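The values are calculated or read from the model by the stated rules, or taken from the named source; none is laboratory data. Given the structure is predicted, the values throughout are model-derived calculations rather than measurements. When we count neighbours, we look across all protein chains shown, and the Cβ atoms used for this are built from the backbone with ideal geometry, even at glycine. Calculation scope for accessible area: heavy atoms of the full protein, side chains included, ligands and nucleic acids excluded. Shrake-Rupley method; radii C 1.70, N 1.55, O 1.52, S 1.80 Å.
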Amino acid sequence: MAAYEVMRRLKLDRFAGVVSAGKEARVYRAVGRDGKEYAVKIYLTATAEFRRSIYKYIMGDPRFEGVDLSNTKRLFFAWARKEFRNLKRMYEAGVQVPKPYLVYQNIIVMEFIGREGKRAPLIKEVYKELDEEELVNVFNQVFENMKRIYCCARLVHADLSEYNIMYLDGKIYIIDVAQAVDLNHPLAMEFLKHDVETIHAFFADEAGLDIPSPEEMIREITECKNVQCVKRRVDE
Ligand SMILES: Nc1ncnc2c1ncn2[C@@H]1O[C@H](COP(=O)(O)OP(=O)(O)O)[C@@H](O)[C@H]1O
Ligand SMILES: [Mg+2]
């Protein structure tokens, strides 16, 4: 079984509970022999909605050439690989994402974002507990990281929202990057606009912050001025 191969390769001691059971994927917490924690995302079920929605993210992507999309297993292997490569590309460009460790078949292993066995909250789950200064800090980090994704990793997340950003000790982590596309993708600008509108609606309307308009945000992101592209390597 694939999970055993992953455990062997990363010297994992045990799986220690389900962190999240989504429609397509489950996320587990795993613990290494050295006590280090990992997040293990396993793609399991291809819903009809997933099959329908996936097409627009993979068209023209050479990584999917020749993959029989009706074969669920193959589809998930390719999808997990795409998520891992997007995560690695973002991580290496200095985007605040969990550090990627391994992809094997339908399984991705990355840094566990949390403390003492508990995952960190999503910003959707904590924003009401934060004061305005801290909320502004969170928005600034999200905005800066949107610029890094675009300008440094040359990607668009394409599913960015308050549900795909975690918050730990004052720092944000962007997650769930499978559907991210290269800037050359024909719908990249459309996806960027959607991401910006979603983030804007959350911080302006729901959290009540005074932030730049969506048009201004798009302009700033695509201008790529003064963006901190940090270079770091994931050793393989
Ligand atoms: N690296 C991680 N560390 C801790 N928890 C994580 C990590 N990645 C994901 N999670 C948890 O699992 C949930 C689902 O992960 P996500 O990648 O968003 O998949 P889905 O496609 O199911 O939304 C997240 O909302 C978060 O609570
Ligand atoms: Mg998600």
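For the range 129-136, state whether one or more residues are away from ligand 2 (no atom under 16 Å from the Cβ) and either among the β-branched types (Val, Ile, Thr) or buried (at least 17 other Cβ atoms within 10 Å of the Cβ) (or both).
Looking for residues that are away from ligand 2 (no atom under 16 Å from the Cβ) and either among the β-branched types (Val, Ile, Thr) or buried (at least 17 other Cβ atoms within 10 Å of the Cβ) (or both), one finds at least one in the range 129-136, hence yes.
Considering only residues that are outside any helix (DSSP H, G or I), within 15 Å of ligand 1 (Cβ to nearest atom) and open to solvent by less than 40 Å² (accessible area, probe 1.4 Å), which ones fall in the range 165-203?
Ile165, Met166, Tyr167, Leu168, Ile172, Tyr173, Ile174, Ile175, Val177, Ala178, Gln179, Ala180
Can you pull out every residue in the range 107-118 that is over 15 Å from the mean Cα position of the chain (by Cα) and either among the hydrophobic types (A, V, I, L, M, F, W, C) or away from ligand 2 (no atom under 16 Å from the Cβ) (or both)?
Arg115, Glu116, Gly117, Lys118
Run down Tyr150, Tyr163 and say which single residue is touching a helix residue (DSSP H, G or I) at 6+ places or on another chain (Cβ under 9 Å), hydroxyl-bearing (Ser, Thr, Tyr) and closer than 19 Å to Arg26 by Cα.
Exactly one residue qualifies, and that residue is Tyr163.
Which residues, counting only those in the range 192-230, are in contact (Cβ under 8 Å) with a residue 40 or more places away in the chain, under 21 Å from Cys152 (Cβ atoms) and among the acidic types (Asp, Glu)?
Those that are in contact (Cβ under 8 Å) with a residue 40 or more places away in the chain, under 21 Å from Cys152 (Cβ atoms) and among the acidic types (Asp, Glu): Asp195, Glu220.
Filter the range 1-35 down to the residues that are of a type in the set (Lys, Arg), loosely packed, with under 15 Cβ neighbours inside 10 Å and in contact (Cβ under 8 Å) with a residue 12 or more places away in the chain and list them by number.
Our first condition is that a residue be of a type in the set (Lys, Arg); within the range 1-35, this holds for 8-9, 11, 14, 23, 26, 29, 33.
From the residues that got through so far, the ones that are loosely packed, with under 15 Cβ neighbours inside 10 Å too are 8-9, 11, 14, 23, 33.
Scanning the range 1-35 gives Arg9, Lys11, Arg14, Lys23, Arg33.
Might you check whether a residue that is farther than 23 Å from Ala188 by Cα, aliphatic (A, V, I, L, M) and open to solvent by 10 Å² or more (accessible area, probe 1.4 Å) occurs anywhere in the range 48-58?
yes
Regarding the range 104-115, can at least one residue be identified that is free of Cβ contacts under 8 Å to residues at least 24 places away in the same chain and either of a type outside the set (D, E, K, R) or assigned to a helix (DSSP H, G or I) (or both)?
Looking for residues that are free of Cβ contacts under 8 Å to residues at least 24 places away in the same chain and either of a type outside the set (D, E, K, R) or assigned to a helix (DSSP H, G or I) (or both), one finds none in the range 104-115, hence no.
Filter the range 60-91 down to residues that are of a type outside the set (Ser, Thr, Tyr) and outside any helix (DSSP H, G or I) and give me whichever is surrounded by the fewest Cβ atoms within 10 Å (Cβ to Cβ).
So the residue we want is Gly66.
Out of Tyr104, Tyr91, Tyr127, which single residue is of a type in the set (Ser, Thr, Tyr) and under 15 Å from the mean Cα position of the chain (by Cα)?
Tyr91
So is Glu162 within 16 Å of ligand 1 (Cβ to nearest atom), at pLDDT 95 or above and in the same structural domain as Asn86 (by TED's automatic domain parsing) or not?
Spelling it out, it is not the case that Glu162 is within 16 Å of ligand 1 (Cβ to nearest atom), at pLDDT 95 or above and in the same structural domain as Asn86 (by TED's automatic domain parsing).
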